[in-house]
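The values are calculated or read from the model by the stated rules, or taken from the named source; none is laboratory data. All of these numbers come straight from a predicted model, not from anything done at the bench. Cβ placement follows ideal geometry from the backbone for every residue including glycine, while neighbour counts extend to all protein chains displayed.
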Amino acid sequence: MSFKYTPTALKKVEQIYDEAKYLVRYEKGNFASGYCVLEHKKVVVVNKFLNVEGRINALLEILPSIKVDPETFSGESLKLLDQLNIQIQSSAPTATDTEEQAAIPGGTITEAQENPKASESPENEADNIV
């Protein structure tokens, strides 16, 4: 399949994130890979200095790692994912997920427990990305 790196293609990839309820932001930062994912806030931050091809590649690289309900995607988005041969992780809880939650007193770990800086309210979330 030939995939063209155009602004229209970028919009289609951004639409997948929109349907997955993820916010895509383009910010400046010191991203070794060109992007950062804030899982708990469902935010993907991509280096704003990347060209269209770099932005698309970064977004496509992240897609397999995010957990979403595949039923939230439109037919067009599912077709694009299929053409690109990208498998999305289902967000439906599995038996393993339930066992892991049961092992943690009080349920799941919050972002503030994982990262004490996350409980601060910064003006710009991208500034706290490590």
Open item on the list: For region 22-67, give me each residue that is touching a residue at least 40 places away in the same chain (Cβ under 8 Å), in contact with an Asp or Glu (Cβ under 8 Å, 6 or more places away or on another chain) and in a strand (DSSP E or B).
Closed with: 38, 43, 45
Open item on the list: Filter region 49-83 down to the residues that are crowded, with 18+ Cβ neighbours inside 10 Å and not aliphatic (A, V, I, L, M) and list them by number.
Closed with: 55, 73, 77
Open item on the list: If I filter region 99-120 for residues that are within 24 Å of residue 15 (Cα to Cα) and either at pLDDT 85 or above or not in a strand (DSSP E or B) (or both), do I get at least one hit?
Closed with: no
TODO: Taking residue 30 as meeting all but one of (1) among the polar types (S, T, N, Q); (2) farther than 19 Å from residue 79 by Cα; (3) surrounded by 14 or more Cβ atoms within 10 Å (Cβ to Cβ), write down the number of the exception.
DONE: (3)
TODO: Kindly establish whether residue 26 is over 18 Å from residue 84 (Cβ atoms), of a type in the set (Ser, Thr, Tyr) and at pLDDT 90 or above.
DONE: yes
